[in-house]
Amino acid sequence: MKKPYYTRKDLIVISLAVFYAFVLIFVGMCLEGTYSFVSSKNPIAAMGKGLSFKTIECGLSGFICLVLVALYVAVFTAVFMYERRYAIVTNKKTYGIKMIITYILSFLACGVISLGVGILIQKPLTWDNISLVLLYVGQSLILTTIIYVVLFALFGGVIMFVVNFLLIDKPFKAFEDNTEIKVLEEDDPEVDITSSFDANIDGATATGGVAAAGAPGAAGASESIVRSAEELDDREKVFPALSTVDVDYDGYVVDHIESEQFSLEEICVKFRNYLAKEEKLYFDIDTIRYFISALGTSHFMILEGLSGTGKSSLPRYFAKFINAEVLFIPVQATWRDKTNLIGFFNEFSKTYTESEFLIKLYKANYNPDVPHFFVLDEMNISRVEYYFADFLSVLEYPEEDWKLKIMQLPYNFIPPAKLEEGIIQIPNNSYFVGTANKDDSTFTITDKVYDRAISIDFDNRNDAFTVNEEVSTITISNSHLQSLYNAAKNEDANRMNDADYAKFTKITDYIYDQFDLTFGNRILTQIDNLVPIFVACGGTKEDALDFLLSRKVIYKLEGRFEEYVKGALKELLALIEKTYGASVLKRSEKTIKSLMRRL
């Protein structure tokens with residue numbers, strides 16, 4: 001569970017409640033009928049008489065009851081603000097039904113405790129005496145509220161006047177810009193509206209390429225956006241949603257959440273059983289292991305295969321299972337560059353069009369210990385290397401350099417807290433999962449994309465099975481997940497040793513000699529990372545190597561129809577069986593046999 005905390009605004013509200021409690025005690029002292037604390041001619045007592053309040057001599061025990069009520073006014077405010085912060089940091093609705101019930105129960109608990117103890121100390125404990133004490137407390141609360149509101153309005157009015165007088169030349173966000181904007185008609189021959197589509201500061205064209213240095217309009221479009229940006233002076237107008245996130249978190253990062261201490265193997269088994277029993281989705285255990293291992297190998301994964309095999313469901317329910325965040329982004333066929341994902345600056349309204357993707361990525365920076373999944377649904381309905389190119393490049397860098405330029409900000413413009421210099425950090429808790437269908441309506445995913453991702457093929461539907469044990473969701477923090485991955489990679493027994501590499505090299509050398517396909521450094525790094533994690537998930541080194549060999553190399557032979565290919569594939573199949581034994585590298589053998597049937 002995430003750790004709630006008080007922000008500055010919360011502390012201000014609590015301090016106002018404490019001030020109200022002191023005013024209540026003071027008013028009670030002035031209204032108490034024996035006038036043991038103050039003079040009987042005090043102005044507050046006169047106000048009470050003007051309101052036809054009854055003069056009540058409740059004594060010390062009655063005054064103590066009032067003090068308890070005042071104390072619990074402050075206590076309830078502190079509890080209420082804490083519960084509200086809890087709702088915010090756990091992404092619940094602050095005024096949803098469950099939270100409203102929680103607020104009401106807290107209020108009743110504080111009221112019962114304060115009045116209950118106050119009543120029990122009354123001597124004698126009779127109904128007449130109790131009713132007088134309650135009337136005294138009620139009259140004190142009414143008069144205190146009146147005085148408090150008057151004081152608040154008086155001092156608030158003075159402060160508001162002073163602040164607004166000092167900032168009289170500054171823009172006020174409550175006022176909308178009523179500047180008339182000309183509506184551009186599609187058939188207006190004098191205006192070229194296409195120049196503003198998918199505009200960005202780098203001069204990217206609508207097709208995702210970069211305009212040539214001397215191309216007409218390339219420099220002009222960029223200069224126009226920068227010139228418009230220089231007119232900006234209010235970040236809450238330019239970035240309204242991101243500024244709201246800053247307000248919700250008050251600039252504080254929720255850097256740690258409590259996590260249940262399960263091993264990777266336990267997580268795999270529990271997740272598979274949870275899917276079967278709660279969601280009626282059935283996967284073989286190795287698919288679950290590949291999925292969870294892939295998260296520790298690359299922050300970009302592709303799930304592809306037939307429709308209806310659970311590609312979209314797997315990341316959705318894994319996020320639900322470990323209490324993580326997930327965002328589904330349906331990819332559109334018109335997507336051409338990164339602005340389709342992260343939004344763009346609108347020079348007409350002088351605001352940044354913030355996409356849901358950008359907002360979620362921004363929030364992820366405030367919750368670094370909560371895994372965030374970004375699912376690009378049907379990602380190959382447009383060319384992945386167009387709209388996702390920046391992410392493919394950035395995720396190759398060290399984690400501290402996972403940064404994306406959102407827009408060029410003007411000098412002296414103060415951006416949202418996590419958008420320093422117009423750059424957003426892609427945090428370590430962000431995982432990008434693309435789902436891809438194989439049909440005529442989609443584009444082929446290029447080797448450039450495949451090489452940077454871990455891809456899992458969903459080529460069949462699994463049989464249902466029964467789970468008798470109890471299942472439930474668990475809470476896994478990103479820090480715990482990463483510690484499990486690091487521990488697995490550092491375990492010598494899990495890693496590839498010299499003998500393992502010697503056997504595997506026989507296969508890769510043959511593939512290189514016969515098909516001119518080689519393992520690059522990127523794939524070798526993926527082997528070093530995925531194999532030990534997969535073993536820690538309960539699998540074997542051979543199954544991990546089989547998975548990578550079939551998905552990273554052998555699949556590239558599709559579409560090769562040279563005469564020698566079929567004979568070379570037969571020899572490759574024989575070499576695999578000789579080196580590892582028959583049916584050990586099952587996926588690779590199946591892929592090779594499938595290719596041979598098509599030749």
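Remarks
- Checked against the criterion of being of a type in the set (S, T, Y), crowded, with 22+ Cβ neighbours inside 10 Å and in contact (Cβ under 8 Å) with a residue 40 or more places away in the chain, the range 285-296 has at least one qualifying residue.
- Yes/no for L327 being without any contact (Cβ under 8 Å) to a residue 60 or more places away in the chain, in contact with a Lys or Arg (Cβ under 6 Å, 6 or more places away or on another chain) and hydrophobic (A, V, I, L, M, F, W, C): yes
- For V326, the stated conditions hold: it is under 23 Å from D255 (Cβ atoms), part of a strand (DSSP E or B), assigned by TED's automatic domain parsing to the domain that holds A453 and in contact with a helix residue (DSSP H, G or I) (Cβ under 6 Å, 6 or more places away or on another chain).
- If the condition is being in contact with a Phe, Trp or Tyr (Cβ under 7 Å, 6 or more places away or on another chain) and more than 25 Å from S430 (Cα to Cα), then the range 465-501 contributes F465, V471.
- Residue list for the range 428-453, restricted to those being within 16 Å of D390 (Cβ to Cβ) and surrounded by 18 or more Cβ atoms within 10 Å (Cβ to Cβ): S430, F432, G434, V449, R452, A453
- The residue that is nearest to S382 (Cα to Cα), counting only those in the range 325-356 that are touching a Ser or Thr at 6+ places or on another chain (Cβ under 6 Å) and of a type in the set (F, W, Y), is W335.
- Within the range 242-266, if we keep just the residues that are in contact with a Leu (Cβ under 8 Å, 6 or more places away or on another chain) and outside any loop (DSSP other than H, G, I, E, B), the residue that is farthest from T353 (Cα to Cα) turns out to be L264.
- The condition (being of a type outside the set (A, V, I, L, M), surrounded by fewer than 16 Cβ atoms within 10 Å (Cβ to Cβ), within 15 Å of I533 (Cβ to Cβ) and under 27 Å from the mean Cα position of the chain (by Cα)) is satisfied by just one residue among N490, N486: N486.
- Any hit, the range 107-116, residues being at pLDDT 85 or above, within 35 Å of the chain's Cα centre (by Cα), surrounded by 17 or more Cβ atoms within 10 Å (Cβ to Cβ) and not aromatic (F, W, Y): yes
- Taken as a whole, the condition of being of a type outside the set (D, E) and in contact with a helix residue (DSSP H, G or I) (Cβ under 9 Å, 6 or more places away or on another chain) does not apply to T90.
- Flag for F321 being under 27 Å from T90 (Cβ atoms), crowded, with 21+ Cβ neighbours inside 10 Å and touching a helix residue (DSSP H, G or I) at 6+ places or on another chain (Cβ under 6 Å): yes
- Pairs linking a residue in the range 458-486 that is over 18 Å from N323 (Cβ atoms) and of a type in the set (D, E) to a residue that is surrounded by 14 or more Cβ atoms within 10 Å (Cβ to Cβ) and modelled with pLDDT of 90 or more, with Cβ atoms under 7 Å and 6 or more positions apart or on different chains, are D463/Y282; E469/N273.
- Residue count for the range 538-558 under the criterion of being surrounded by fewer than 17 Cβ atoms within 10 Å (Cβ to Cβ) and β-branched (V, I, T): the result is 1.
- Residue count for the range 32-43 satisfying the condition of being buried (at least 19 other Cβ atoms within 10 Å of the Cβ) and at pLDDT 85 or above: 0.
- Taking the listed residues I292, I359, the one that is assigned to a helix (DSSP H, G or I) and either polar (S, T, N, Q) or farther than 30 Å from P410 by Cα (or both) is I292, with no other qualifying.
- Taken over the range 513-528, the criterion of being in a helix (DSSP H, G or I) and either of a type in the set (A, V, I, L, M, F, W, C) or crowded, with 20+ Cβ neighbours inside 10 Å (or both) is satisfied by F515, I523, L524, Q526, I527.
The values are calculated or read from the model by the stated rules, or taken from the named source; none is laboratory data. Here the structure is a predicted model, which means the values were calculated and not measured. Methodologically, a virtual Cβ is constructed for each residue, glycine included, from the backbone with ideal geometry; neighbour enumeration extends over all protein chains shown.
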